[in-house]
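As structure tokens, the structure follows; a few thoughts come after it.
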Amino acid sequence: MKLLKNKSFTLIFLLSVVFIGCSEDKFLEEINPNAITTDTFWQTDRQFNSALTTVYGALQFQNISGGELQYEFVLGDICGTESWYRPQAFRNLAFNASIYHVTDKWNQLYIGVFRANQVIEYIQQVDPSIFTDAEAKSQIEAQARFLRAFFYWQIAHTYGGAVIHDKVAQTDEELSKPFSTIAEVNEVIIVPDLEFAQANLPLTWDGNDIGRATSGAAASLLGKVYLYDQDWAKAASQFKTVIDSDVYSLTRNISDNFQHENEFNSESIFEVNYSGTLSPGVPGAVVDDTPTETSAEASTMATAVGQLNYGGFNTILASYSLHEMLVNDEVDDTNPINDGNLESRRMNSTVAVRNMEGTYYNFEPEEIRGFGYGQSAYVKKHSNWYHLEAEPAQSRSGINFRHIRYADVLLMYAEAVLMADSDYTTAIEYIDMVRSRAGVITLQQYMDANSGMFPQLHVSKQVHGEQPMVVANVETVLKHLQRVERTVELCFEGHRWKDLVRWGIVQEVFDELLADEQWRQENFADIEGEAPLFINERIRPDFVLAAPNYNAEQHNYFPIPSQELQTNENL
């Protein structure tokens, strides 16, 4: 790998970690950094913790947890973009092995792997007596192994496999390894690492350690590994362990999961910490993109999704399908979680639409600018709409990115029990926990009022006039999970394309949404400016190229980056 073939990288890494956490009165006691080697660095638990900090720091790369994820958001059915924005290449499935994000994400994930491998390799070689106790040693290794598993899971399910590096390479031959399948990566790295992490990490951390990986995070990711592998029973078992731990619960306010307030809350299982005030910089230099930047960096996500008129770029826009599902998410006025609101709490935390309730960047609904040229809904999730009049300068945001939250685990558990035991009753119970928190009518309420049937909420009322009612069974509940619940609950959180791919329904979904898009174009004179979408001027062509261009073999996973093909002779 080109990044790892930089022979000065290890030395730079060591120079970076030696100063982490150094108090002023201890500064003169430090070893001369010009003489630091692997023989002199890995000598204390403090040094191992400093190295571990850099592994966590790799999570802050923008292609892993920040604004560059916008290129993956546009791949699915949750959003579109305009032809003049860079994500258009991904919206139209025109990406290649040399394009940004395909190359950048690979590089950044492997930096995380490299940093984790250093901790794991050296901690197994040192005298255990340098640690305060055996638990301290095992917890450092468990965190590094969880993070390595996380990086490899991302590599495997972004690129369809990975080049496995389970130790720090010392020769060109050790760097040039063949590409392994997802199953092989699971067997060699991900499952063993997560099992070790689950057995050696605490349920919770206190004080300044809050935010570190926990056994619940390991169990959640391990359950996801099994879910993607269609080992339904094992997946259900892992998710139930998380549920029964009594550590996690859904927040009353769903917005707490996408704002800088109330971070690391009861719903948080694994999130990446950002700060809009630490490590100030300029655009393009505000993130952890070198081994020497290891403090809490800023995220560029808010600017990527924020509305253009308020200092953002709105390079990703909610699809008409997502917009309509959210505005039709019918509020249950008997649910005490609602406070007189007429639109669902989930909708209000996700998108901004015409005639919405509440303010947006401190502007009243009638003052909101935009909603023209086919742009019917702007993304609120991850943006600073709730407390600022405009996004901060220099693309800086302190909003954490949540990779795993409890609502996701509940929905994955519902899917696992549905597929393992055909138990759609239990699946509905857990789906309804998420719907109830959103303040909307639950599936059970629909069924109670309609002789055991519920509406197919993914079907456009605007296009088709009505939503067919279906009887609850394994097939209909699975479709609801696939097309409605995971879509509206988890949109813009990095799950959607991977979900569509693992279910094998990309073409089906794209074809349906393209047909809806064509109907809107043909009938635009009748629907322009009309509820529920209030589309003006034109219909944005989100699926006109994506649907006919899609080829599972070519597009389900990113190609191996061209730079890797050039430097690794075994690919």
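Give me the accessible area of residue 356, 1.4 Å probe, in Å² rounded to the nearest 10.
10
Can you work out the Karplus-derived ³J(HN,Hα) for every residue in the stretch 208-213? Use 6.51 cos²θ - 1.76 cosθ + 1.60 with θ = phi - 60°, whole Hz, and x for glycine or proline.
5, 8, 4, x, 6, 4
Would any residue of the stretch 205-229 have its amide N under 17 Å from a label point 7 Å out along Cα→Cβ of residue 183? List them or say none.
Residues 225-229 qualify, since their backbone N sits under 17 Å from the label point.
Quick one: net charge of residue 535's neighbours, Cβ under 13 Å, K/R +1, D/E -1?
Here the charged neighbours net out to -4.
Subtract the Cα-Cα distance of residue 53 and residue 420 from 0.36 nm times their separation in residues, and report this length gain in nm to one decimal.
128.2 nm
Amide H neighbours of residue 400 under 5 Å, counting only residues 5+ apart in sequence or on other chains, H built in-plane at 1.01 Å?
274
Mind listing the phi-derived Karplus ³J(HN,Hα) values for the stretch 460-465, rounded to whole Hz, using 6.51, -1.76 and 1.60 with θ = phi - 60°, and x for any glycine or proline?
6, 5, 4, 7, 9, x
How high is the relative contact order of the chain, in percent, counting Cα pairs under 8 Å that sit 6 or more residues apart?
Relative contact order comes out at 19 percent.
In what sequence, largest accessible area first, do 106, 84, 232, 497 appear using a 1.4 Å probe?
84, 232, 497, 106
In degrees from 0 to 90, rounded to the nearest 10, what is the angle of the helix 232-244 Cα long axis to the longest principal axis of the chain?
80
For the chain, report the accessible area per residue in Å² (1.4 Å probe, heavy atoms, rounded to an integer).
38
Return the FRET efficiency for the residue pair residue 244, residue 171: r is the Cβ-Cβ distance, R0 is 35 Å, and the value is rounded to the nearest 0.05.
0.15
Ignoring ligands, DNA and RNA, please state the percent of accessible area on the chain from carbon and sulfur, probe 1.4 Å.
Ligands and nucleic acids excluded, carbon and sulfur give 49 percent.
Could you tell me the extents of the stretch 169-255's C-alpha atoms along the three principal axes, largest first, rounded to whole Å?
Per principal axis, max minus min of the Cα coordinates gives 52, 35, 28 Å.
So for the chain, what percent of the C-alpha to C-alpha distances run longer than 38 Å?
29
Pairs 177/498; 105/498; 240/380: which exceed 20 Å Cα-Cα? Could you put the intermediate results ahead of the total?
Details: 177/498 26 Å; 105/498 15 Å; 240/380 31 Å.
In this structure, 177/498; 240/380 lie more than 20 Å apart at Cα.
Please check which bits of the stretch 75-98 a label hung off residue 373 would reach, taking the label as a point 7 Å along Cα-to-C-beta and the cut-off as backbone N under 17 Å.
Correct set: 80-89.
Please work out the FRET efficiency for the pair residue 525 and residue 253, using the Cβ-Cβ distance as r and a Förster radius of 56 Å; give the result to the nearest 0.05.
0.85
Where the centre of each part is set by its Cα atoms, how far does the stretch 423-481 sit from the stretch 504-571, in angstrom?
What the calculation gives is 26 Å, centre to centre.
Please give the contour-minus-distance gain from residue 364 to residue 471: 0.36 nm per residue of separation, less the Cα-Cα distance, rounded to one decimal in nm.
In short, 34.4 nm is gained.
How much FRET efficiency would the formula 1/(1 + (r/R0)^6) give for residue 511 and residue 464, where r is the Cβ-Cβ distance and R0 is 22 Å, rounded to 0.05?
Efficiency for this residue pair is about 0.90.
From the helices alone, meaning DSSP H stretches of at least four residues, give me the mean residue ellipticity at 222 nm for the chain, per-run term -39500 (n - 2.57), in deg cm²/dmol to the nearest 500.
Dividing the helical sum by the residues of the chain leaves -12000 deg cm²/dmol.
Relative to the longest principal Cα axis of the chain, at what angle does helix 406-421 sit, 0 to 90 degrees, rounded to 10?
The angle comes out at about 80 degrees.
Compute the long axis of helix 215-228 from its Cα atoms, compare it with the longest principal axis of the Cα atoms of the chain, and write down the angle in degrees, 0 to 90, nearest 10.
60
From the backbone phi of the stretch 188-201, what are the Karplus-calculated ³J(HN,Hα) couplings (6.51 cos²θ - 1.76 cosθ + 1.60, θ = phi - 60°) in whole Hz, Gly and Pro given as x?
7, 10, 5, 5, x, 4, 5, 5, 5, 4, 4, 6, 10, 9
The values are calculated or read from the model by the stated rules, or taken from the named source; none is laboratory data. Owing to the predicted nature of the structure, the values given are computational and were not obtained by experimental measurement. Neighbour counts are summed over all protein chains in view; Cβ atoms, including those assigned to glycine, are modelled from backbone coordinates with ideal geometry. Side chains are part of the model used for accessible areas, which takes the heavy atoms of the whole protein and leaves out ligands, DNA and RNA. Shrake-Rupley method; radii C 1.70, N 1.55, O 1.52, S 1.80 Å.
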